[in-house]
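Please read the structure below before turning to the comments.
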Amino acid sequence: MLAVVIIALWAFQPWKLFTHSRVDEPLAFEAPVVSTTPATPGTTTATPAPAPEATTTTAPTPTGPAVLAEGRFVSQEHPTSGAARLLEQGGARVLRLEGFSTSDGPDVHVWLSTATAGGDWHKYDDGRVVKLGKIKATDGNHNYAVPADADLGGLRSVVIWCDRFNVAFGSAPLAL
C-alpha cells in the first residue's frame with residue numbers, strides 16, 4: 001500500500017497545486033557581433049595634414065523585433081492567462097510569454113501546435129508540434145528560442161502542455 005501512495009505522490013505531485021514560481025526575463029535577442037579595427041597611429045610631420053571634409057552621418061535607427069503572430073491565452077485544464085507573441089529579429093525567432101500565469105504541474109512544456117487554441121485538449125498531441133522546452137515558471141515574462149530550422153507554416157497555437165498526463169493547461173491562438 002505504501003508503494004502505491006509513493007508512486008501516486010510522484011506521479012501527481014499534488015503539492016504543485018499550491019506552488020508558484022516567477023521569471024521576468026527582458027526581451028532579448030542575440031546581439032550581432034560587431035568587429036572594430038583599431039586605428040593605426042599616425043606619424044607627426046612638420047606640415048599638418050589637411051583637415052578632412054566635414055560630413056554628416058546619422059546612425060541607423062534601431063528597430064524592435066517584428067511580430068509574426070500573437071494571441072491571448074485561454075484556460076483549459078488549469079487557469080492560464082497572459083499573451084503569447086512570436087517575434088523575429090535579425091533571423092532569430094523567439095516565443096515570448098508576457099503577463100503569463102498558469103498552474104504548476106509535473107513535466108509542463110511549451111509547444112507550438114498545428115491545432116487550434118481552446119476546446120478539447122486531446123487534439124494537441126495528434127498534430128505537428130514544435131517543442132520549445134520546459135516551462136520556466138508559472139508566472140511572469142519568459143522567452144523561448146524557436147529553432148532556426150523550425151517550419152512555422154500551419155502552426156496555429158501556443159500550448160502549455162503537461163506531458164505526464166497529456167493535458168493542455170491552456171493555449172493561445174496564433175495567426176501566422
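The values are calculated or read from the model by the stated rules, or taken from the named source; none is laboratory data. Predicted, not measured: the structure shown is a model, and the values here were computed from it. Positions of Cβ are generated from backbone atoms using ideal geometry, with glycine treated the same way; all protein chains shown enter the neighbour counts. These area figures cover heavy atoms from the full protein model, side chains too; ligands, DNA and RNA do not enter into them. Shrake-Rupley method; radii C 1.70, N 1.55, O 1.52, S 1.80 Å.
Would it be correct to say that GLY170 is in contact (Cβ under 8 Å) with a residue 12 or more places away in the chain, touching a Ser or Thr at 6+ places or on another chain (Cβ under 7 Å) and surrounded by fewer than 13 Cβ atoms within 10 Å (Cβ to Cβ)?
Working: in contact (Cβ under 8 Å) with a residue 12 or more places away in the chain: yes; touching a Ser or Thr at 6+ places or on another chain (Cβ under 7 Å): yes; surrounded by fewer than 13 Cβ atoms within 10 Å (Cβ to Cβ): no.
Taking the combined requirement at face value, the residue does not satisfy it.
Out of LYS123, LYS131, report the one residue that is out of contact with any helix residue (DSSP H, G or I) (no Cβ under 9 Å at 6 or more places or on another chain) and in a helix (DSSP H, G or I).
LYS123
The residue that is modelled with the lowest pLDDT, among those in the stretch 55-74 that are over 14 Å from SER171 (Cβ atoms) and open to solvent by less than 70 Å² (accessible area, probe 1.4 Å), is GLY64.
If the condition is being farther than 10 Å from HIS109 by Cα, touching a strand residue (DSSP E or B) at 6+ places or on another chain (Cβ under 8 Å) and of a type in the set (A, V, I, L, M, F, W, C), then the stretch 135-168 contributes ALA137, ALA145, VAL146, ALA148, ALA150, LEU152, LEU155, VAL158, VAL167. Screening the stretch 139-167 for residues that are buried (at least 18 other Cβ atoms within 10 Å of the Cβ) and touching a helix residue (DSSP H, G or I) at 6+ places or on another chain (Cβ under 9 Å) and picking the one that is modelled with the lowest pLDDT gives VAL167. Residues in the stretch 75-105 that are at positive phi and part of a strand (DSSP E or B) were compared, and the one that is surrounded by the fewest Cβ atoms within 10 Å (Cβ to Cβ) is GLY99. A Cβ distance below 6 Å, combined with a sequence gap of six or more or placement on separate chains, defines the contacts here; from the stretch 93-122, residues that are closer than 12 Å to SER171 by Cα reach residues that are acidic (Asp, Glu) and open to solvent by less than 50 Å² (accessible area, probe 1.4 Å) in the pairs SER101/ASP139.
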